[in-house]
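Presented below is the structure to which this report refers.
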Amino acid sequence: MSNTQKKDRFKKITSARAGKINDMLRLIGNCANKNNYSYSDEEVIKVFEEIEKSLEEAKSKYEVFSRSSLREGFRADFERGYTWIAGFERNAVRFAKRNALVYPKTGEVWNYAELNAEANRLANAMIRQGIKRGDRVMYQMNNCPEFVFIYIACQKIGAVGCPVYMGLSPSQTASAIDAAKPQIIFYENNGDTELAIETAAHKPRFPVIVNFPHDRKILGGHISYESFTEGAKDSAPSESEVCIYDETTLFYTSGTTGRPKCVPVTSINEVLSAHDMMIQIGLGCEDRILNIASWTHRGGLHCGGPAAALYAGAALIVQDSFEASQSLECIEKYKVSVAAGMPSAFNMLAAAQEKEDRNLASLRCIVSVGGMLGREECLMYRQTLCPKLYNGYGTTETFYNTILTPDKLPFYSGSVGTACADDDVRLVKIYDDHDAEPEETVAKDNETQGEIIIKSLAKSSGHYCKGADGGGSRYYKGYLYTRDIGTWDENGMITIVGRNDDMIICGDEKIYPAEIEEFLNAHPKVAECVVTSVEDTEEIIAAYVVKSDRSLEVSELDEYCREGMVLTEQKRPRLYRFKKVLPKTSNGKMQHKKAKQMAAADYKNGMFYKV
């Protein structure tokens with residue numbers, strides 16, 4: 001047979017057979033019609049996995065695909081082997097006898113091998129109850145060892161962990177339950193969670209109570225953590241086809257609006273978020289970490305929390321609730337090397353340290369998340385806690401995206417630093433009726449204000465991830481439009497001014513509360529404040545102030561604003577009220593929307609001091 005005949009024969013036979021295959025694939029596609037057929041996602045995936053397997057076997061017989069096959073093999077290995085759980089399990093072997101988890105409250109300590117066994121036990125218990133890849137597992141609790149067991153166990157079996165802040169109201173928690181539709185909800189001894197479970201439309205199959213007091217009766221249909229895991233093996237669970245693109249965590253936070261929002265995170269996001277901390281602050285296996293923020297938030301979980309610490313092979317010191325004196329005791333007793341938390345917590349920590357004078361020599365750095373730091377705060381932290389201070393800015397969607405390193409302090413205090421290595425952070429023009437294009441950046445003159453937009457492919461699932469309800473997030477051309485307003489200088493050093501939706505228009509001037517708050521907070525007798533406005537014949541600037549010195553009077557604050565040469569007349573507060581507590585989100589950010597509602601009522605009722 002001649003070569004020409006062979007070619008003709010190949011074309012004729014392959015064309016006919018390919019046509020039959022395409023016809024069959026179209027018929028399989030017709031089965032998607034749910035009016036005629038019923039099926040699960042898993043059944044559909046299995047069908048197409050078989051088709052893809054047969055296709056790959058056929059392709060492997062052709063030389064042209066040999067190089068492509070090698071690339072596909074690497075890709076498959078990478079996508080299944082570069083997951084967060086693969087990194088943790090490597091640490092469970094190489095750091096088997098090293099401390100992974102320390103719980104000062106009870107004195108319990110788990111090394112990496114023991115922690116892995118605990119997570120295996122819970123994973124096998126969940127598999128025993130039919131929990132599988134893609135199922136959602138909610139947990140509402142303070143920082144505790146069980147939180148860590150749940151986080152790891154979900155990763156082992158491909159379930160999606162949904163941590164929920166303890167401070168949400170029952171109605172907010174019920175909303176999160178209805179949105180996530182978890183098969184299991186783990187919760188601490190908390191009547192609010194029980195009320196939320198009762199009122200939610202979706203009913204989790206297994207409500208599991210953690211740290212259950214033996215003198216209390218468990219609600220009907222609920223089960224204790226000990227009973228749920230009883231008899232489960234601590235050996236590795238059956239292998240789950242976990243992929244780097246799988247959702248691993250869904251954050252349900254109160255957001256700045258007070259409504260729970262859902263933010264999905266994939267396994268590769270978790271890995272690269274941990275890498276970010278390893279790059280930015282040098283987090284490593286020799287570190288002992290105390291994170292004094294709630295792990296139910298992105299900053300808590302990924303900035304020195306379980307996700308970062310256990311991927312890096314470090315030891316994690318667990319404090320279930322923040323109390324400054326206890327935190328200082330932990331740092332001294334366990335020789336903590338890295339402390340992470342919010343500025344409000346560090347303020348209390350520094351004040352307590354000035355009184356107690358603990359030995360904090362083991363601290364090599366502190367990491368502040370969740371807000372910019374003023375010059376006075378920077379100096380106080382460096383003097384009383386640790387000379388090496390990091391401060392950053394980010395969002396739940398994109399994690400930590402700018403970093404202010406110790407060498408830039410205190411000169412650049414008030415700034416949140418420059419973009420992290422893997423992130424593209426820009427300030428773009430602000431329009432009243434539409435968003436700016438990513439290329440429409442503002443001048444780098446440290447004066448012109450723009451909206452901060454972030455592209456973080458490494459740490460954000462963006463809008464492609466299944467289950468993302470958006471939560472109010474605004475993505476455009478791969479950038480998250482944050483609504484945060486700031487300025488930047490020629491070196492890309494960013495300073496936050498406020499939020500676009502907090503903006504006050506007074507006359508023809510646009511005013512951002514954060515600028516006034518920063519100025520008032522620098523007063524030596526002010527602990528913290530929140531600035532808003534009330535509507536009369538025009539917008540009037542109002543300030544709620546928490547005193548750090550009981551002798552503080554409104555007249556002092558007004559004189560301070562008049563003589564400070566910082567605030568314009570329109571920015572100077574005309575209304576003051578002293579408060580003991582200010583409205584904040586669950587991760588410590590001021591809730592300006594609530595402050596504005598509060599101010600409207602207080603103004604109507606004559607509760608403000610006028611100047």
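The values are calculated or read from the model by the stated rules, or taken from the named source; none is laboratory data. Bear in mind the structure is a predicted one, so any value in this text is a computation, not a measurement. Every residue, glycine among them, receives a Cβ derived from its backbone with ideal geometry; neighbour counts consider all protein chains shown. Please note that ligands, DNA and RNA were not included when accessible areas were found on the heavy atoms of the full protein model with its side chains. Shrake-Rupley method; radii C 1.70, N 1.55, O 1.52, S 1.80 Å.
Within the stretch 114-137, the residues that satisfy the criterion of being open to solvent by 10 Å² or more (accessible area, probe 1.4 Å) and farther than 9 Å from Ala232 by Cα are Glu114, Asn116, Ala117, Glu118, Ile127, Gln129, Gly130, Lys132, Arg133, Gly134, Asp135, Arg136.
Looking only at residues of the stretch 363-401 that are surrounded by fewer than 24 Cβ atoms within 10 Å (Cβ to Cβ) and among the β-branched types (Val, Ile, Thr), we find that the one that is farthest from Ser456 (Cα to Cα) is Thr384. Please work out which residue is nearest to the chain's Cα centre (by Cα), limiting yourself to the stretch 175-204 and to residues that are polar (S, T, N, Q) and closer than 21 Å to Gly134 by Cα. Selected residue: Ser175. Taking the criterion of being closer than 15 Å to Tyr311 by Cβ, crowded, with 24+ Cβ neighbours inside 10 Å and in contact with a Ser or Thr (Cβ under 8 Å, 6 or more places away or on another chain), the only residue of the stretch 287-297 that qualifies is Ile289.
Residues in the stretch 308-326: is at least one out of contact with any Cys (no Cβ under 7 Å at 6 or more places or on another chain), under 17 Å from Glu397 (Cβ atoms) and of a type in the set (A, V, I, L, M)? The answer is no; no qualifying residue exists.
Just the residues that are more than 26 Å from Gly134 (Cα to Cα) and surrounded by fewer than 10 Cβ atoms within 10 Å (Cβ to Cβ), please, taken from the stretch 24-62. Selection gives Arg26, Leu27, Glu57, Lys61. Within the stretch 436-457, the set of residues being crowded, with 17+ Cβ neighbours inside 10 Å and part of a strand (DSSP E or B) comprises Gly450, Glu451, Ile452, Ile453, Ile454, Lys455. Out of the residues in the stretch 581-594 meeting the condition of being assigned to a loop (DSSP other than H, G, I, E, B) and among the hydrophobic types (A, V, I, L, M, F, W, C), tell me which one is surrounded by the most Cβ atoms within 10 Å (Cβ to Cβ). Restricting to residues being assigned to a loop (DSSP other than H, G, I, E, B) and among the hydrophobic types (A, V, I, L, M, F, W, C), the top hit is Leu582.
In summary, Phe322 fulfils each of the numbered conditions (1) hydrophobic (A, V, I, L, M, F, W, C); (2) open to solvent by 10 Å² or more (accessible area, probe 1.4 Å); (3) in contact with a Phe, Trp or Tyr (Cβ under 9 Å, 6 or more places away or on another chain) with the single exception of condition (3).
Quick check on my filter: what residues within the stretch 531-540 are surrounded by fewer than 23 Cβ atoms within 10 Å (Cβ to Cβ) and of a type outside the set (Asp, Glu)? Quick ask: steps written out before the conclusion?
Start the filter on the stretch 531-540 by keeping residues that are surrounded by fewer than 23 Cβ atoms within 10 Å (Cβ to Cβ), which leaves 534-540.
Val534, Thr537, Ile540 - these are the residues of the stretch 531-540 that are surrounded by fewer than 23 Cβ atoms within 10 Å (Cβ to Cβ) and of a type outside the set (Asp, Glu).
For the stretch 266-286, give me each residue that is more than 14 Å from the chain's Cα centre (by Cα) and buried (at least 22 other Cβ atoms within 10 Å of the Cβ). Once the filter is applied, which keeps residues that are more than 14 Å from the chain's Cα centre (by Cα) and buried (at least 22 other Cβ atoms within 10 Å of the Cβ), the stretch 266-286 yields Ile268, Ile281, Leu283.
Filter the stretch 150-165 down to the residues that are within 18 Å of Val210 (Cβ to Cβ) and open to solvent by 10 Å² or more (accessible area, probe 1.4 Å) and list them by number. Working first, answer last.
Applying the first criterion (within 18 Å of Val210 (Cβ to Cβ)) to the stretch 150-165 yields 150-154, 159, 161-165.
Tyr165 - this is the single residue of the stretch 150-165 that is within 18 Å of Val210 (Cβ to Cβ) and open to solvent by 10 Å² or more (accessible area, probe 1.4 Å).
The residues in the stretch 595-611 that are among the small types (Gly, Ala, Ser) and either open to solvent by 50 Å² or more (accessible area, probe 1.4 Å) or more than 13 Å from Ile541 (Cα to Cα) (or both) can be counted, and the count is 3. In the stretch 552-580, what residues are hydrophobic (A, V, I, L, M, F, W, C) and surrounded by 16 or more Cβ atoms within 10 Å (Cβ to Cβ)? Leu552, Val554, Leu557, Cys561, Leu567, Leu575, Phe578 - these are the residues of the stretch 552-580 that are hydrophobic (A, V, I, L, M, F, W, C) and surrounded by 16 or more Cβ atoms within 10 Å (Cβ to Cβ). Screening Pro213 on (1) open to solvent by less than 40 Å² (accessible area, probe 1.4 Å); (2) more than 15 Å from Ser227 (Cβ to Cβ); (3) modelled with pLDDT under 95 shows it passes everything except condition (2). Contact annotation: residue pairs with Cβ atoms under 6 Å, 6 or more positions apart or on different chains, pairing a residue in the stretch 85-110 that is over 22 Å from Ile331 (Cβ atoms) and touching a residue at least 40 places away in the same chain (Cβ under 8 Å) with a partner that is surrounded by 18 or more Cβ atoms within 10 Å (Cβ to Cβ) and of a type in the set (S, T, N, Q), are Ile85/Gln155. State which residue is nearest to Tyr544 (Cα to Cα) when the search covers only the stretch 479-521 and only residues that are part of a loop (DSSP other than H, G, I, E, B) and modelled with pLDDT under 90. Applying the filter and picking the extreme gives Tyr512. Does Thr14 satisfy the criteria of being part of a helix (DSSP H, G or I) and open to solvent by less than 80 Å² (accessible area, probe 1.4 Å)? Answer is yes for this residue. If the condition is being in a helix (DSSP H, G or I) and among the small types (Gly, Ala, Ser), then the stretch 34-68 contributes Ser54, Ala58, Ser66, Ser68. Got at least one residue in the stretch 570-580 being under 29 Å from the mean Cα position of the chain (by Cα), in a helix (DSSP H, G or I) and either closer than 26 Å to Leu349 by Cβ or not polar (S, T, N, Q) (or both)? Scanning the stretch 570-580, I find no residue that is under 29 Å from the mean Cα position of the chain (by Cα), in a helix (DSSP H, G or I) and either closer than 26 Å to Leu349 by Cβ or not polar (S, T, N, Q) (or both), so the answer is no. Applying the criterion of at least 2 residues that are out of contact with any Pro (no Cβ under 7 Å at 6 or more places or on another chain) and touching a residue at least 60 places away in the same chain (Cβ under 8 Å) to the helices (runs of 4 or more DSSP H) found wholly in the stretch 130-242 leaves 145-157, 170-180, 225-229.
Flag: Gly300 matches the condition of being open to solvent by less than 10 Å² (accessible area, probe 1.4 Å) and either among the aliphatic types (A, V, I, L, M) or not in a loop (DSSP other than H, G, I, E, B) (or both).
Does Gly284 satisfy being part of a loop (DSSP other than H, G, I, E, B), within 24 Å of Tyr390 (Cβ to Cβ) and modelled with pLDDT of 95 or more? Give the steps one after another, and end with the answer.
Values: part of a loop (DSSP other than H, G, I, E, B): yes; within 24 Å of Tyr390 (Cβ to Cβ): yes; modelled with pLDDT of 95 or more: yes.
Yes, satisfied.
Here is a yes/no grid of residues against (1) in contact with a strand residue (DSSP E or B) (Cβ under 7 Å, 6 or more places away or on another chain); (2) closer than 27 Å to Lys589 by Cα:
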| site | (1), (2) |
| --- | --- |
| Thr199 | no, no |
| Val210 | yes, no |
| Pro213 | no, no |
| Thr249 | yes, yes |
| Cys285 | no, no |
